[in-house]
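J.: Have a look at this one before I ask anything.
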Amino acid sequence: MFTLRKLKMSESSSTSCCSRLRSCPKPRGFVSTVITKAVMGALVFGVVWSITGAECLPGKNLFGLVILFLCAVSGGKLVGLVQFPNLPPLPPLLGMLLAGLVLRNVPYVTDAVHIEQTWSSALRNIALAIILTRAGLGLNPDALRRLKGVCVRVAVGPCTIEACTVAVVSHFLLELPWIWGFILGFVLAAVSPAVVVPSMLLLQKEGFGVQKGIPTLLMAAGSFDDILAITGFSTCLGMAFGTGSTWYNLVKGLLEVVGGIVAGLLLGLFIHFFPSDDQAELVQRRSYLLIALSVFSVFGCRAVGFAGAGGLSTLVLAFLAGLSWGSAKVPVAAVLGVAWDIFQPLLFGLIGSEIIISTLNPSTVGLGVAALIVGLVVRVCVTYLCVLFAGFNLKEKIFISLAWMPKATVQAAIGSTALDLARAEGDVVLEGYGLQVLTVAVLAILITAPIGAVAIGLAGPRLLQRYTTMPDEQTEKPEASAAPDGKDNTTFESKL
């Protein structure tokens, strides 16, 4: 009896303690977020240290990777907090890039945060495989079939002309060989989905330009612009590192393109049948196969001497996978999004850490910026010409031209590829060319990404017509159609 009474008293006391604990105020909002993320970051380092021991001490490889990852994530968050009224936020990738640049160039910190070149190259190539897989999986087959006229011109014209312009300018200003000039040209010619797509979605949400489909046009053409740039880059890369005559290298470069497409088709055919729809954990298995085959394509093509074929193979593979799975590709894309959230800080942080400011030649930086500016001016002018006679007014043509400037993701993904191959070859001259390409690519990100984001945010509301619904119709149809239907429930506004 006494024991039973004692047990009841103990339970009552425990319940009272739990009640008091639940009634205690909990930290919320910004303070809670900061504490949670700080502990998460400390746990990343703590877990790695507890497993590897001395390998996670300052100056060791794992220590450098963990610190770079944490600093890149923090830099991205800080830049993302920079918000100006009526403007889209600055892309977090700028903070990630600057974090790597700072860690590489601050005395004493540089010695502590050391990352081996083999690890850096491998991680950048994994990130390249993931971003190309996301690009291929995100391609819309219907948009491909509908691509006509202006969309084809916007995707092909500015990219091709800018690549050729940069190749000519860099040959005479930076004294790059012609083939290396075209490598730099195609690296710089790709527009950045990481900057353009979020900005277009924000304008589309507000109704700017949707009546003529301008946000949709730029988002659809952006993917094909990137594919064209990567294809040209792959072809030139195969020629630059080929041995033998110029004609042999040209044929080898074209063979890499064809081989990459064929390999992608074969792998896409395999992933069409496997795993079958009746298997358990279908999303996990599809995600694993897609990522593993993409990474294998990139590294396998490099191993057999056809480095340029890996990117194309990945794009084709991912596109066929998305075509085969239809709407079921959405959860797989979500898994790829999580993988990109992990590798994006590593990619931009590692790219930034490749630049040593003290070893840069001021003339290389100045002439590289000059080549970039000339290419941008030509790109804007060509884009304007491409949208002539397409039903756009003067302000809309100017906006499309300005929105086609930002560069970031593709430049980070492929900007260091030539340098990595040159280091593998052990050729000091080629390594110098590769470093010039990477330096100008980093400058392109630092200059065009923030300017492009701000230009889109400022110019959009002022140059585009706004498509809205009347208040009485908005309750019944909360979302406006992207195309006018001729009814009286629409108005068009031009915000000057």
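J.: Of the accessible area of the range 196-355, with the probe set at 1.4 angstrom, what percent is carbon plus sulfur?
T.: Percent of accessible area from carbon and sulfur atoms in the range 196-355: 72.
J.: Using a 1.4 Å probe, what is the accessible area per residue for the range 322-435, in Å²?
T.: Here the residues of the range 322-435 average 39 Å² of exposed surface.
J.: Given a Förster distance of 45 angstrom, what is the FRET efficiency for H114 paired with I451, based on the Cβ-Cβ distance and rounded to 0.05?
T.: Working from the Cβ atoms, E equals 0.85.
J.: Same structure again: So for each of 67-77, 412-422 I average, over its residues, the number of other beta carbons within 10 Å; can you give me the resulting order with the highest mean first?
T.: 412-422, 67-77
J.: Among the listed pairs K37/K60; K77/K407; K77/K329; K212/K407; K60/K407, give every one whose C-alpha distance is greater than 27 Å.
T.: K77/K329; K60/K407
J.: When the Kirkwood radius is taken over all Cα pairs of the range 374-465, what Stokes-Einstein diffusion coefficient follows at 10 °C and 1.306 mPa s, in µm²/s?
T.: Once the numbers are plugged in, D ends up at 106 µm²/s.
J.: Then there's this: Can you order the peptides 203-209, 293-299, 428-434, 335-341 by their average number of other Cβ atoms within 10 Å per residue, highest first?
T.: The densest-packed peptide leads the list: 293-299, 203-209, 428-434, 335-341.
J.: Mind pulling the per residue volume of the convex hull built on the Cα atoms of the range 294-411? Å³ is fine.
T.: Taking only Cα atoms, the range 294-411 has a hull volume of 196 Å³ per residue.
J.: Could you order peptides 386-393, 92-99, 226-233 by the average number of other Cβ atoms within 10 Å of their residues, highest first?
T.: In decreasing order of mean packing, 386-393, 92-99, 226-233 become 92-99, 226-233, 386-393.
The values are calculated or read from the model by the stated rules, or taken from the named source; none is laboratory data. Source: prediction; values computed, not measured. All Cβ positions, even for glycine, are placed from backbone atoms using ideal geometry, and neighbour counts span all protein chains on display. Accessible surface is based on the protein model in full, side chains and every heavy atom, while ligands, DNA and RNA are left aside. Shrake-Rupley method; radii C 1.70, N 1.55, O 1.52, S 1.80 Å.
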